[in-house]
Amino acid sequence: MTYKGAKLAGTRLKAREELNLAVEDGHVLEAVLDRLGFRRTAVVRKRRELWSLEGASIALDDVESLGTFAEVEIIGEVGDDTVEERVHAIARSLGITGESITASYLELVLGARPTG
């Protein structure tokens with residue numbers, strides 16, 4: 001299970017606090033969240049391949065109804081001015097092109113829903 005905090009200002013990348021923990025039983029977790037009053041907003045289904053290179057994690061994601069995405073992630077500290085350039089350098093070395101997307105998959109899925 002992952003908690004992702006608010007996006008940090010002052011960067012062109014999607015940078016934020018992230019806390020992760022292992023979940024032994026997804027059904028039990030769903031029951032706990034339900035009893036705490038959480039309601040399912042949307043489902044994001046993805047297939048992910050994980051790779052590592054030069055201290056970075058690279059994820060290749062195939063997200064149902066959205067397409068294929070590449071994510072280069074480096075764990076850094078707030079104020080570390082080198083992280084953004086290192087991410088871009090690794091992306092360039094892998095041939096990853098295009099604009100950076102700072103929206104989450106959930107935001108993209110919700111934005112693709114028909115309104116009305």
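Numbers at a glance
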item	result
Cβ charges +1 (Lys, Arg) and -1 (Asp, Glu), total dipole of the chain, debye	520 debye
Summed side-chain charge close to LYS46 - residues other than LYS46 whose Cβ falls under 9 Å, Lys, Arg +1, Asp, Glu -1	0
Computed helical MRE - 222 nm, the chain, DSSP H runs ≥ 4 contributing -39500 (n - 2.57), nearest 500	-7500 deg cm²/dmol
Between helix 26-35 and the chain: long-axis angle, C-alpha atoms, 0 to 90°, nearest 10	70 degrees
In nm, spacing of pseudo-spin labels at ALA42 and THR97 (7 Å Cα→C-beta vector)	2.8 nm
Spacing of the two label points (7 Å from each Cα toward its C-beta) at ASN20 and TYR3, in nm	1.6 nm
Within straight-line cross-link reach of LYS4, aspartates and glutamates at Cα separation under 16 Å, skipping those fewer than 8 residues along the same chain	GLU17, GLU18, GLU71, GLU73, GLU77, GLU107
Estimated FRET transfer efficiency (VAL28, HIS88; beta-carbon r; R0 41 Å; 0.05)	0.50
Added length on full extension, which subtracts the Cα-Cα distance from 0.36 nm per residue, GLU49 to ASP80	8.4 nm
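Every read-out reported here was derived from the displayed coordinates using simple, explicitly stated rules and does not represent laboratory data. What you are looking at is a predicted structure, and each value in this text was computed from that prediction instead of being measured. Methodologically, a virtual Cβ is constructed for each residue, glycine included, from the backbone with ideal geometry; neighbour enumeration extends over all protein chains shown.
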